[in-house]
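Chemist: A single structure is presented below for examination.
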Amino acid sequence: MQPLILALLIGLLCGRLLKGSSLIKHIPAVVLVSVALLLLIMGAKIGGNPEVISSLPRLGGKALTFAILSIAGGILLTLPLQRRNNT
């Protein structure tokens with residue numbers, strides 16, 4: 001966990017030092033490429049694990065259930081607030 005916090009702090013320092021620099025405009029592209037590379041590596045690691053691949057149908061069902069219940073819960077909790085704001 002400490003390397004992650006250290007990386008975050010170094011990033012904050014770099015951001016402060018580069019404030020106003022022309023390099024700042026390239027950061028979104030670098031972030032996009034970094035996230036795409038991270039997803040590619042994670043997908044390769046998961047794809048190479050036969051235990052995970054064999055349990056995908058069960059995990060997929062649980063993920064679908066979780067997504068549906070999350071959406072339904074969000075809607076049900078939003079309705080009272082929406083009604084209160086409309087009155």
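Chemist: For the condition in a helix (DSSP H, G or I) and either touching a strand residue (DSSP E or B) at 6+ places or on another chain (Cβ under 8 Å) or under 30 Å from G11 (Cβ atoms) (or both), what is the one hit in A72, A63, A44?
Modeler: Of the residues listed, the single one that is in a helix (DSSP H, G or I) and either touching a strand residue (DSSP E or B) at 6+ places or on another chain (Cβ under 8 Å) or under 30 Å from G11 (Cβ atoms) (or both) is A44.
Chemist: Something else: For the stretch 24-46, which residues satisfy the criterion of being surrounded by 10 or more Cβ atoms within 10 Å (Cβ to Cβ), of a type outside the set (V, I, T) and modelled with pLDDT under 90?
Modeler: H26
The values are calculated or read from the model by the stated rules, or taken from the named source; none is laboratory data. Because the structure is a prediction, the values reported are computed rather than measured. Counting neighbours? That spans all protein chains shown, and the Cβs are built from the backbone with ideal geometry, glycine included.
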